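Asker: One structure, pasted below without further comment.
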Amino acid sequence: MAAASVVRAVRRRSGRLFDIFVAEVPWTVSSKELKEYFSQFGSVQSCQLPFDKDTGFHKRYCWIKFSTPQDVQNVFQKDSHILEGAKLTLKQQPRGRRSQRKNQSE
């Protein structure tokens with residue numbers, strides 16, 4: 001049982017600060033292309049590119065989840081990220097932020 005609790009603790013820690021919010025994504029870029037681009041910095045676990053139900057186009061922003069904190073650091077080592085001529089805007093998004101705030105207010 002001790003091994004199982006260690007694995008759960010590692011999973012909780014590993015899921016906290018690895019997301020990046022990406023804005024100004026060109027209309028012509030797909031989630032597959034975003035995942036391919038960001039994989040040069042490390043292991044990309046997922047890319048969430050939301051679509052507008054009315055227009056059918058994506059909303060020009062996405063979230064990228066990496067496997068390790070080092071992968072996220074690698075992304076921010078580069079000064080600018082350009083896809084199809086457009087400069088992407090990146091922000092690090094802490095995971096679990098809402099639940100931390102909720103716990104503090106209780």
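Asker: Considering only segment 14-27, state which residues are at pLDDT below 95 and either open to solvent by 80 Å² or more (accessible area, probe 1.4 Å) or part of a helix (DSSP H, G or I) (or both).
Answerer: S14, R16, L17, W27 - these are the residues of segment 14-27 that are at pLDDT below 95 and either open to solvent by 80 Å² or more (accessible area, probe 1.4 Å) or part of a helix (DSSP H, G or I) (or both).
Asker: Taking segment 32-63 as the region of interest, how many residues are open to solvent by less than 50 Å² (accessible area, probe 1.4 Å), within 17 Å of T89 (Cα to Cα) and out of contact with any Asp or Glu (no Cβ under 7 Å at 6 or more places or on another chain)?
Answerer: Within segment 32-63, residues that are open to solvent by less than 50 Å² (accessible area, probe 1.4 Å), within 17 Å of T89 (Cα to Cα) and out of contact with any Asp or Glu (no Cβ under 7 Å at 6 or more places or on another chain) number 8.
Asker: Looking only at segment 55-70, how many residues end up being outside any strand (DSSP E or B) and either among the hydrophobic types (A, V, I, L, M, F, W, C) or modelled with pLDDT of 95 or more (or both)? Give the derivation first.
Answerer: Of all residues in segment 55-70, those outside any strand (DSSP E or B) come to 55-57, 59-60, 67-70.
After this cut, where a residue has to be either among the hydrophobic types (A, V, I, L, M, F, W, C) or modelled with pLDDT of 95 or more (or both) as well, the list is 57, 59-60.
Adding up the residues that qualify gives 3.
Asker: Give me a count of the residues in segment 30-52 that are among the basic types (K, R) and within 12 Å of the chain's Cα centre (by Cα). Write out each step before concluding.
Answerer: So in segment 30-52, the residues among the basic types (K, R) come out as 32, 35.
Applying the additional criterion that residues be within 12 Å of the chain's Cα centre (by Cα) yields 35.
Of the residues in that region, 1 qualify.
Asker: Go through segment 64-90 and give me each residue that's of a type in the set (S, T, Y) and surrounded by 13 or more Cβ atoms within 10 Å (Cβ to Cβ).
Answerer: Narrowing segment 64-90 to residues of a type in the set (S, T, Y): 67-68, 80, 89.
Selection gives S67, T68, T89.
The values are calculated or read from the model by the stated rules, or taken from the named source; none is laboratory data. Just so you know, these numbers come straight off a predicted model, no measurement behind them. For neighbour counting, all protein chains shown are included, and Cβ atoms are generated from backbone atoms with ideal geometry for every residue, glycine included. Each accessible area value is taken on the protein alone, full model and side chains, heavy atoms only, with ligands, DNA and RNA left out. Shrake-Rupley method; radii C 1.70, N 1.55, O 1.52, S 1.80 Å.
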